[in-house]
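Only one structure is covered here, and it is reproduced in the block below.
The values are calculated or read from the model by the stated rules, or taken from the named source; none is laboratory data. Values in this document were obtained by computation on a predicted structure and should not be read as measured data. Every residue, glycine as well, gets a Cβ built from its backbone with ideal geometry; the counts of neighbours run over all protein chains shown.
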Amino acid sequence: MNYLDELENESVYIFREVAAQFDNPVLLFSGGKDSILMVELAIKAFYPAPIPFPLMHIDTGHNFPETIEFRDYLVDKYNLKLIVVSVEETINSKGIIEESGKYASRNNLQTISLLEGINDNKFDACLGGARRDEEKARAKERIFSVRDDFGQWDAKNQRPELFDILNGAINQGENMRVFPISNWTELDVWNYIRRENIELPSVYFAHKRNVFYRDGMIWPASDFVFSEQDESIVEQTVRFRTVGDMTCTAAVESNADNLDLIITEIESALISERGARIDDKRSEAAMEKRKETGYF
Amino acid sequence: MSIIRISTAGSVDDGKSTLIGRLLFDTKSLPQDKIDAIQLSSEKKGLKELDLALITDGLTAEREQGITIDVAHIFFSTASRKYIIADTPGHVEYTRNMVTGASNSQVSMILIDARKGILEQTRRHLFIAKFLEMEQVLFVINKMDLMDYNQQTFESLKDELLDVCVAIDFPLDRVSFVPISAKVGDNVVEKSKHMDWYSGPTILGYLEQLNLRANLNDDFRFNVQYVVRPQSADFSDFRGYAGKVKSGTIKVGDEIQVNSSGQKSRVLRIFKGNSPILEAGPEASVLIELEKAIDISRGDTLTQSHEDVVHDKNLIAQLCWLDKRPLNIAKKYLLRHAGFQTIVAINEVVKTLDFDTLNFMVSKLVEQNTICEVEIKAAAPIYLDNFKRNKKNGYFILVDRDTNATVAVGVKQ
């Protein structure tokens, strides 16, 4: 069997297990390529019925306008149900003091909004587009991963997962995080997107953008990212290999404006995908620490 | 291009994580920023060379202690194949994680420290490979550099390992041996310059040539996961059965039977995603629409129409106990197999395996990591094949209804 079919089969199987085992699942949608892939796979899993659960987007308020535009387009195209939880509102309602300084990001605050969204909607399973090849803590994830009442991940005490049997039994208040595309690599995702003609937001393709250079990375210039006086803003042809919000995602210099060129570029890249993630660079265990407190 | 799933096994400090690191490093699968990060971490630990184990030991607790606690999933590919490696822990207390990794792989690489020879963990992991009907086992004799690359060391270990295979009845045509040094890089990707006496392939060479047998059983088994009922204008009375073909194939027009009830119908349409297809084979996640409306729900197995319906509520199985709490014979557990679940009692522990002698003995105590044979009585008939006969439809898990924990994995005998 072709490896893309093998991966698709596995993901579709996981989506169906979630729909069968949980009362109130939700698909965590970031607007990035992996969550767009998740939507496409979910559609396949339940066709000809609609996806039997909503999407939830944790909106930091600092997103690329192109991502938000595409999100709304996709929701409209497939007639999906979308819940948006605003980090801005979490900040206001909880009187949270935001990070300051030139590295200020709402990345950590997303977790608070996410847990709030899960609680308010009583979601018992959250489907996330994390992949094991992305990052060393994510490489340790199960497909069904139990979170306690506080959304915490107990990495040292994960449930065994035998063969393809997924044990979704949880206590009330607990929550399951589910990762249907665990075994896909970055290249698999792109090859599948090409094979299936999946549409993506324009930020993934080479375009002209105002950027500035900091710590060897190319930051997108925007109202949310404060460049210092010696960081001059220049126009560059860039694209984004990974898309978080504008405060945590760096661009790459690229002329790849179609899928063939993007795939060639990734095949020969010297730097990993998350090498362009400013949020991962905070410490060696940045991802593990965030996951422990409930980050997806 | 196909995917090959591999898991590592072996005792603590046999160098499993270092081997994976070496494989990735020598196949140039590591991007520069990851190498830089490992370089930095190695320097912080006061090491002169790259600590290749840091590539897979991703948890803080693992890095602190220099051990592997849970499975890391590592990906790399060559021109002809894609590999997913489950790097599993060697400590006895994390055996459940080793079993997790092994159950989802086709090849087990069991590492042995050439200085230490066969340990209890070697035997345990080989037996687990047998328990799981692992397709291939590669014995990797590591740290040959510390034994002066001595041929005799390798040959006598090989003989001893063959004896163990014979003792537990593991098929010899499914085992191979390779002498390596993961640290130095001998016979991992590059052929060793220190072991001219070894003419076999490197580890990568072995993996590239590996001919994995498909599931030999072609009995049709389809586990229903979910019933799809769109209730839309276009599909008003549509009822489709979403699930996975475990073995065999199904074609449009074939007659099928619901195993629990014996009711029969013919396949009207098969969908893969939104495309209608004419036939579906092993591992395919599809949706089946039948000609007649018959009673089918999650947990049902569809088979070919000429097979006998199973009414058996009794089951003899081998278990590998995974939970910290020992098996409690007075307790009822939940047996799960695909979408099917039922309450079961363990009527009797027939025998348990002694990892020292590799013989089964009469003992009723089933603790964490015990492999045993049990008699199970279920509340509802269980439709499973003999695991040896059909690997894809012969396994189950037991769940503790009080804790929700997966306490055991079992295979039908």
Within region A:88-110, count every residue that is within 27 Å of A:D23 (Cβ to Cβ) and crowded, with 20+ Cβ neighbours inside 10 Å.
-> 2
Within region B:312-323, how many residues turn out to be part of a strand (DSSP E or B) and either within 14 Å of another protein chain (Cβ to nearest Cβ) or surrounded by 20 or more Cβ atoms within 10 Å (Cβ to Cβ) (or both)?
-> 6
Filtering region A:151-167 down to residues that are out of contact with any helix residue (DSSP H, G or I) (no Cβ under 8 Å at 6 or more places or on another chain) and of a type outside the set (D, E, K, R), which residue is farthest from the other protein chains (Cβ to nearest Cβ)?
-> A:N157
Here are some residues: B:T88, B:T56, B:T27, B:T18. Which one is crowded, with 18+ Cβ neighbours inside 10 Å, touching a strand residue (DSSP E or B) at 6+ places or on another chain (Cβ under 7 Å), more than 10 Å from every other protein chain (Cβ to nearest Cβ) and hydroxyl-bearing (S, T, Y)?
-> B:T88
Checked against (1) within 11 Å of another protein chain (Cβ to nearest Cβ); (2) closer than 30 Å to A:R147 by Cα, A:L270 satisfies every condition except (2)
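For B:D33, are the conditions met, namely being among the acidic types (D, E), in contact with a Gly (Cβ under 8 Å, 6 or more places away or on another chain) and more than 11 Å from chain A (Cβ to nearest Cβ)?
Criteria not met by B:D33.
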Does A:K102 satisfy being basic (K, R), in contact (Cβ under 8 Å) with a residue 24 or more places away in the chain, on the phi < 0 side of the Ramachandran plot and touching an Asp or Glu at 6+ places or on another chain (Cβ under 7 Å)?
-> yes
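Within region B:42-85, track down each residue that is polar (S, T, N, Q) and closer than 17 Å to A:M287 by Cα.
Residues satisfying the conditions are B:T56, B:T60.
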Return yes when A:V252 is closer than 19 Å to A:S30 by Cα, outside any loop (DSSP other than H, G, I, E, B) and of a type in the set (A, V, I, L, M, F, W, C) and no when it is not.
-> no
Count - residues of region A:255-281 that are touching a Lys or Arg at 6+ places or on another chain (Cβ under 8 Å), outside any loop (DSSP other than H, G, I, E, B) and modelled with pLDDT of 85 or more | 5
Do you know which of the residues in region B:324-333 that are within 14 Å of chain A (Cβ to nearest Cβ) and surrounded by fewer than 19 Cβ atoms within 10 Å (Cβ to Cβ) is nearest to the chain's Cα centre (by Cα)?
-> B:K324
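For the subset of region B:70-85 comprising residues that are outside any strand (DSSP E or B) and crowded, with 21+ Cβ neighbours inside 10 Å, which member is nearest to the other protein chains (Cβ to nearest Cβ)?
Residue satisfying both the conditions and the ranking: B:D70.
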Return yes or no: is B:M109 away from chain A (no Cβ under 14 Å), touching a Leu at 6+ places or on another chain (Cβ under 7 Å) and among the aliphatic types (A, V, I, L, M)?
-> yes
Pick from region B:252-264 the residues that are touching a residue at least 40 places away in the same chain (Cβ under 8 Å) and in a loop (DSSP other than H, G, I, E, B): which of them is farthest from the other protein chains (Cβ to nearest Cβ)?
-> B:G262
Filter pass, A:A19 being modelled with pLDDT of 95 or more, part of a helix (DSSP H, G or I) and either polar (S, T, N, Q) or under 18 Å from the mean Cα position of the chain (by Cα) (or both) = no
Among the residues of region A:15-25, the number that are surrounded by 24 or more Cβ atoms within 10 Å (Cβ to Cβ) and either more than 23 Å from B:I3 (Cα to Cα) or more than 8 Å from chain B (Cβ to nearest Cβ) (or both) is 2
Count - residues of region B:157-203 that are among the hydrophobic types (A, V, I, L, M, F, W, C) and part of a loop (DSSP other than H, G, I, E, B) = 8
From the list A:D76, A:D72, A:D34, which residue is within 30 Å of B:I84 (Cβ to Cβ), acidic (D, E) and more than 14 Å from every other protein chain (Cβ to nearest Cβ)?
-> A:D34
Name the one entry in A:I170, A:I97, A:I181 that is assigned to a loop (DSSP other than H, G, I, E, B) and facing chain B (nearest Cβ under 9 Å).
-> A:I170
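Specify the residue that is farthest from A:A276 (Cα to Cα); the eligible residues are those in region A:192-206 that are of a type in the set (A, V, I, L, M) and assigned to a helix (DSSP H, G or I).
Checking each candidate, the answer is A:I193.
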Being within 11 Å of chain B (Cβ to nearest Cβ) and crowded, with 23+ Cβ neighbours inside 10 Å, is that true of even one residue in region A:115-130?
-> no
Residues being touching a residue at least 24 places away in the same chain (Cβ under 8 Å) and not β-branched (V, I, T) - total across region B:12-47 | 14
Identify all residues within region B:265-293 that are away from chain A (no Cβ under 14 Å) and crowded, with 16+ Cβ neighbours inside 10 Å; write none if there are none.
-> B:S265, B:V267, B:L290
Output the number of residues of region A:41-59 satisfying the condition of being in a helix (DSSP H, G or I) and either at the interface with chain B (Cβ under 9 Å from one of its Cβ atoms) or touching a Lys or Arg at 6+ places or on another chain (Cβ under 7 Å) (or both).
-> 5
When region B:371-396 is checked residue by residue, the ones that are more than 14 Å from chain A (Cβ to nearest Cβ), within 21 Å of the chain's Cα centre (by Cα) and either among the basic types (K, R) or surrounded by fewer than 20 Cβ atoms within 10 Å (Cβ to Cβ) (or both) are B:E373, B:N386, B:K388, B:R389
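So for region B:348-367 (the condition being within 14 Å of chain A (Cβ to nearest Cβ) and at pLDDT below 95), does at least one residue qualify? Show your work before the answer.
Within region B:348-367, the first condition is being within 14 Å of chain A (Cβ to nearest Cβ), and the residues that meet it are none.
No - not one qualifying residue is present in region B:348-367.
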Return the total of residues in region B:121-146 being touching an Asp or Glu at 6+ places or on another chain (Cβ under 9 Å) and in a loop (DSSP other than H, G, I, E, B).
-> 1
